[in-house]
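Colleague: Before anything else, here's the structure in question.
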Amino acid sequence: MHGPASSGWLLVALCAVTGAYCLARMRSGAEGQRSAAGGEALMGFGMAAMAVPAAVFTPPSWAWPVYAAVFGAAGVHALWAARAGAHHLHHLVGAAAMVYMSLVMAGSPAHAHGRGGSGVPLLTGALLLYFAGYVLLTGVRLVPVAAVAGGGGPAGWGDRPELARACRLSMGIAMVAMLLTL
């Protein structure tokens with residue numbers, strides 16, 4: 001992504017830690033946690049890889065179409081899974097945003113900002129509005145959540161709904177930051 005190296009590294013760290021926690025959630029005893037955690041881990045690690053500052057590492061030209069293909073497949077999977085729950089529609093929008101960013105990055109020089117026009121492109125603006133709204137809504141939902149222990153014992157790391165929401169919030173914030181630097 002385009003932008004200062006220090007903020008790029010912070011995004012890399014945030015997204016990688018979030019992806020790692022989502023992998024831990026895949027071992028949860030709750031089916032709802034496991035079903036969403038895989039897609040969220042892919043999103044976290046993909047965002048971390050995409051956020052590596054261009055001044056440090058410029059991916060080869062073939063990397064962007066590979067990102068687009070991987071997240072396109074994740075989008076198809078989210079569309080299929082959306083039959084079971086509305087949260088998968090958010091995964092679909094996230095995957096579509098990653099495909100869009102991959103395609104924009106594939107078509108732009110390593111250190112150029114935007115596509116040469118003035119202002120924010122319409123799709124980027126729409127995605128920014130969506131993810132800003134998602135961040136605000138998720139933040140509001142995070143505040144009153146109490147940890148729910150399953151089966152009388154203490155909840156495992158993968159079964160903590162407030163941690164899952166905090167991860168979703170951090171990935172939403174990271175998506176906003178990445179879209180702003182696009």
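The values are calculated or read from the model by the stated rules, or taken from the named source; none is laboratory data. Quick caveat: nothing in here was measured; it's all calculated off a predicted structure. When we count neighbours, we look across all protein chains shown, and the Cβ atoms used for this are built from the backbone with ideal geometry, even at glycine.
Colleague: Go through the range 89-112 and report how many residues are at pLDDT below 75 and touching a helix residue (DSSP H, G or I) at 6+ places or on another chain (Cβ under 8 Å).
Modeller: Total satisfying the criteria: 0.
Colleague: Take the residues in the range 44-91 that are part of a helix (DSSP H, G or I) and among the β-branched types (Val, Ile, Thr); name whichever of them is farthest from LEU11 (Cα to Cα). Please lay out each step first, then the result.
Modeller: Restricting attention to the range 44-91, the residues satisfying the condition of being part of a helix (DSSP H, G or I) are 44-50, 63-81, 87-91.
Checking which are among the β-branched types (Val, Ile, Thr) leaves us with 66, 70, 76.
Details: VAL66: 21, VAL70: 20, VAL76: 26 Å.
Result: VAL76.
Colleague: Condition (residue is modelled with pLDDT of 90 or more, crowded, with 16+ Cβ neighbours inside 10 Å, touching a Lys or Arg at 6+ places or on another chain (Cβ under 9 Å) and closer than 24 Å to ALA20 by Cβ) applied to the range 115-134: is it met by at least one residue?
Modeller: Checked against the condition, which is being modelled with pLDDT of 90 or more, crowded, with 16+ Cβ neighbours inside 10 Å, touching a Lys or Arg at 6+ places or on another chain (Cβ under 9 Å) and closer than 24 Å to ALA20 by Cβ, the range 115-134 yields at least one hit.
Colleague: From the list SER35, SER28, pick out the single residue that is within 21 Å of ALA166 (Cβ to Cβ) and not in a helix (DSSP H, G or I). Give the steps one after another, and end with the answer.
Modeller: Details: SER35 fails: not in a helix (DSSP H, G or I).
Just a single option satisfies the conditions, and that option is SER28.
Colleague: Would you be able to tell me the number of residues in the range 9-23 that are more than 16 Å from MET50 (Cβ to Cβ) and crowded, with 16+ Cβ neighbours inside 10 Å? Step through it out loud before you land on a result.
Modeller: Step one: list which residues in the range 9-23 are more than 16 Å from MET50 (Cβ to Cβ), which gives 20-23.
Remaining after also requiring crowded, with 16+ Cβ neighbours inside 10 Å: 21-23.
Number of matching residues: 3.
Colleague: Now, a different point. Looking at (1) aliphatic (A, V, I, L, M); (2) at pLDDT below 90; (3) loosely packed, with under 13 Cβ neighbours inside 10 Å, can you tell me which one ALA69 breaks?
Modeller: Failed condition: (2).
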